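Engineer: First the structure, which I've put down as structure tokens, then a few questions once you've had a look.
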Amino acid sequence: MTAILALAAVLLDGLFGEPRRFHPLVGFGRLANALEARWNSPPGRQGIGRRFKGGAAVLLLSAPPTALAAWLASIPTLGPAVAVLALYGALGLRSLAEHAGAVQDALEAGDLVEARRRVGYMVSRDTRDMGTEDVARAAVESVLENGNDAVFGALFWFMVAGTLGAVLYRLANTLDAMWGYKSERFLHFGWAAARLDDALNYVPARLTALTYLVLGNAGTAWSCWRSQAAGWESPNAGPVMAAGAGALRLSLGGPARYRGEWHARPVLGLGPQPAGKDISRATAMVRRGVWLWLALWFAGGLLDA
């Protein structure tokens, strides 16, 4: 039954993508911004107090909607529809493909200015002075990483904990995207959001890496995963990015500029620098991974029947 609901949510995402109006995460984000502005102490205050307030904010923001969704899903007449809508709201496969496709279209049209603008919707790094390879690399990296964050992580937690799991995962991931920075402003206040996201993504990230390995060049993906993942700053993005780069036989990572400062990032993968056409290769691998997960899900259900 859960696999059928997941398939319905994936099909909804494919048909409609993210809601253009009245997206619940937009309202959630505004509420989170308002609470952060009120509770986040000015930089320089004691870190432990800011961590406590950040943890309390995560709990206050995520617990009520998660509990409400779980309660609605427990009502027999509403449960299946609520579950499908919850997972649909947590998925971002079509949105990811649309953003990535817009970058690739601009690159193939030779419009570097538009390609920079479009990739700026996908990444947090500075895009103003990016060259063609920089844009393509940023887009491929975003597709691989968000394959976990916006797709496989939500599917995993829906499989494990149903509606509650999908909603909690998406809210935690959203708060991490907003607050999980090691800047002076968020180093302590965003600590709880980042740690919760790390915990929820530990297993899905490694399953995502395994998915990329199975669907790409398995030998290179495994070698890059083993030798390169630990060098990446994020313990969960490391396996995903290294395995994904190896599966595509591309070189990713390397220096990138964030908020005017250059960050030394290790090189991931093996092979040439990405080109525009590699963006669609990465997107296709994520999409095939979703169908692989669903097929295994249904097969598992048949074996248990």
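Engineer: Of all residues being part of a helix (DSSP H, G or I) and of a type in the set (Phe, Trp, Tyr) in segment 173-221, which is nearest to GLU141 (Cα to Cα)? Just the residue, please.
Structural biologist: Keep residues of segment 173-221 that are part of a helix (DSSP H, G or I), which gives 173-179, 191-215, 218-221.
Add one more test, that the residue is of a type in the set (Phe, Trp, Tyr), and what stays is 179, 191, 202, 212.
Working: TRP179: 21, TRP191: 24, TYR202: 19, TYR212: 13 Å.
Once the filter is applied, the top-ranked residue is TYR212.
Engineer: Among the residues of segment 105-118, is any closer than 20 Å to ALA177 by Cα, among the charged types (D, E, K, R) and assigned to a loop (DSSP other than H, G, I, E, B)?
Structural biologist: No, segment 105-118 has no match at all.
Engineer: If a residue must be without any contact (Cβ under 8 Å) to a residue 12 or more places away in the chain and under 24 Å from LEU31 (Cβ atoms), how many such residues does segment 68-77 contain?
Structural biologist: Total satisfying the criteria: 2.
Engineer: Within segment 128-167, track down each residue that is outside any helix (DSSP H, G or I) and acidic (Asp, Glu). Steps first, please.
Structural biologist: Here is the first cut: in segment 128-167, the ones outside any helix (DSSP H, G or I) are 128-131.
Once the filter is applied, which keeps residues that are outside any helix (DSSP H, G or I) and acidic (Asp, Glu), segment 128-167 yields only ASP129.
Engineer: Then there is this: Quick check on GLY238: is it among the small types (Gly, Ala, Ser), more than 16 Å from the chain's Cα centre (by Cα) and surrounded by fewer than 23 Cβ atoms within 10 Å (Cβ to Cβ)? Step through it out loud before you land on a result.
Structural biologist: On the way: among the small types (Gly, Ala, Ser): yes; more than 16 Å from the chain's Cα centre (by Cα): no; surrounded by fewer than 23 Cβ atoms within 10 Å (Cβ to Cβ): yes.
Spelling it out, it is not the case that GLY238 is among the small types (Gly, Ala, Ser), more than 16 Å from the chain's Cα centre (by Cα) and surrounded by fewer than 23 Cβ atoms within 10 Å (Cβ to Cβ).
Engineer: Another question about this same structure. Just need a number here: residues in segment 266-287 that are surrounded by 15 or more Cβ atoms within 10 Å (Cβ to Cβ) and closer than 21 Å to HIS99 by Cα.
Structural biologist: Qualifying residue count for the region: 13.
Engineer: Go through segment 110-168 and report how many residues are more than 16 Å from the chain's Cα centre (by Cα), among the β-branched types (Val, Ile, Thr) and closer than 18 Å to MET241 by Cα.
Structural biologist: Qualifying residue count for the region: 1.
Engineer: Is it true that some residue in segment 51-70 is of a type in the set (Lys, Arg), more than 30 Å from ARG118 (Cα to Cα), at pLDDT below 95 and not in a helix (DSSP H, G or I)?
Structural biologist: No, because not a single residue in segment 51-70 is of a type in the set (Lys, Arg), more than 30 Å from ARG118 (Cα to Cα), at pLDDT below 95 and not in a helix (DSSP H, G or I).
Engineer: For segment 44-64, how many residues meet the condition of being surrounded by fewer than 16 Cβ atoms within 10 Å (Cβ to Cβ), within 27 Å of PHE158 (Cβ to Cβ) and not aliphatic (A, V, I, L, M)?
Structural biologist: Summing the residues that are surrounded by fewer than 16 Cβ atoms within 10 Å (Cβ to Cβ), within 27 Å of PHE158 (Cβ to Cβ) and not aliphatic (A, V, I, L, M) in segment 44-64 gives 1.
Engineer: Mind listing just one residue for me: the one in segment 122-155 that is surrounded by fewer than 24 Cβ atoms within 10 Å (Cβ to Cβ) and in contact with a Phe, Trp or Tyr (Cβ under 8 Å, 6 or more places away or on another chain) and, of those, nearest to SER62 (Cα to Cα)?
Structural biologist: SER124
Engineer: Considering only segment 262-281, I want to know if a residue exists there that is closer than 28 Å to LEU175 by Cα and in a helix (DSSP H, G or I).
Structural biologist: Yes, some residue in segment 262-281 is closer than 28 Å to LEU175 by Cα and in a helix (DSSP H, G or I).
Engineer: State yes or no: is GLY101 surrounded by fewer than 16 Cβ atoms within 10 Å (Cβ to Cβ) and under 24 Å from THR208 (Cα atoms)?
Structural biologist: yes
Engineer: What are the residues in segment 113-137 that are β-branched (Val, Ile, Thr) and farther than 16 Å from GLU261 by Cα, if any?
Structural biologist: If we filter segment 113-137 for residues that are β-branched (Val, Ile, Thr), which is where we start, we get 113, 119, 123, 127, 132, 135.
Passing the criteria: VAL113, VAL119, THR132, VAL135.
Matching residues to (1) surrounded by fewer than 19 Cβ atoms within 10 Å (Cβ to Cβ); (2) touching a Gly at 6+ places or on another chain (Cβ under 9 Å):
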position	(1), (2)
ILE4	yes, yes
ALA9	no, yes
ARG20	yes, no
TRP39	yes, yes
PRO42	yes, no
ALA81	yes, no
TYR88	no, no
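Engineer: Please find, within segment 196-233, the residue that is surrounded by the most Cβ atoms within 10 Å (Cβ to Cβ) out of those that are within 30 Å of ALA57 (Cα to Cα) and over 15 Å from the mean Cα position of the chain (by Cα). Step through it out loud before you land on a result.
Structural biologist: Of segment 196-233, the ones within 30 Å of ALA57 (Cα to Cα) are 196-208, 232-233.
Going one step further and asking which of them are over 15 Å from the mean Cα position of the chain (by Cα), we end up with 232-233.
Values: TRP232: 18, GLU233: 10.
Only one residue tops the list, namely TRP232.
Engineer: If you don't mind, another one. Might you check whether a residue that is within 24 Å of PHE158 (Cβ to Cβ) and hydroxyl-bearing (Ser, Thr, Tyr) occurs anywhere in segment 250-265? Quick ask: steps written out before the conclusion?
Structural biologist: Our first condition is that a residue be within 24 Å of PHE158 (Cβ to Cβ); within segment 250-265, this holds for none.
No, segment 250-265 has no match at all.
Engineer: Assess whether TRP293 counts as being of a type outside the set (Lys, Arg), free of Cβ contacts under 8 Å to residues at least 24 places away in the same chain and either in a helix (DSSP H, G or I) or out of contact with any Lys or Arg (no Cβ under 9 Å at 6 or more places or on another chain) (or both). Write out each step before concluding.
Structural biologist: Working: of a type outside the set (Lys, Arg): yes; free of Cβ contacts under 8 Å to residues at least 24 places away in the same chain: no; either in a helix (DSSP H, G or I) or out of contact with any Lys or Arg (no Cβ under 9 Å at 6 or more places or on another chain) (or both): yes.
Spelling it out, it is not the case that TRP293 is of a type outside the set (Lys, Arg), free of Cβ contacts under 8 Å to residues at least 24 places away in the same chain and either in a helix (DSSP H, G or I) or out of contact with any Lys or Arg (no Cβ under 9 Å at 6 or more places or on another chain) (or both).
Engineer: What pairs come up if the first residue lies in segment 160-181 and is under 17 Å from PRO64 (Cα atoms), the second is at pLDDT 95 or above and aromatic (Phe, Trp, Tyr), and their beta carbons are under 6 Å apart, counting only those six or more places apart or on different chains?
Structural biologist: Listed by first residue and then by second, the contacts come to GLY165/TRP157; GLY165/PHE158; ALA166/TRP157; ALA166/PHE158; TYR169/TRP157.
The values are calculated or read from the model by the stated rules, or taken from the named source; none is laboratory data. Just so we're clear, the structure is a prediction, and the values are computed from it rather than from any experiment. Positions of Cβ are generated from backbone atoms using ideal geometry, with glycine treated the same way; all protein chains shown enter the neighbour counts.
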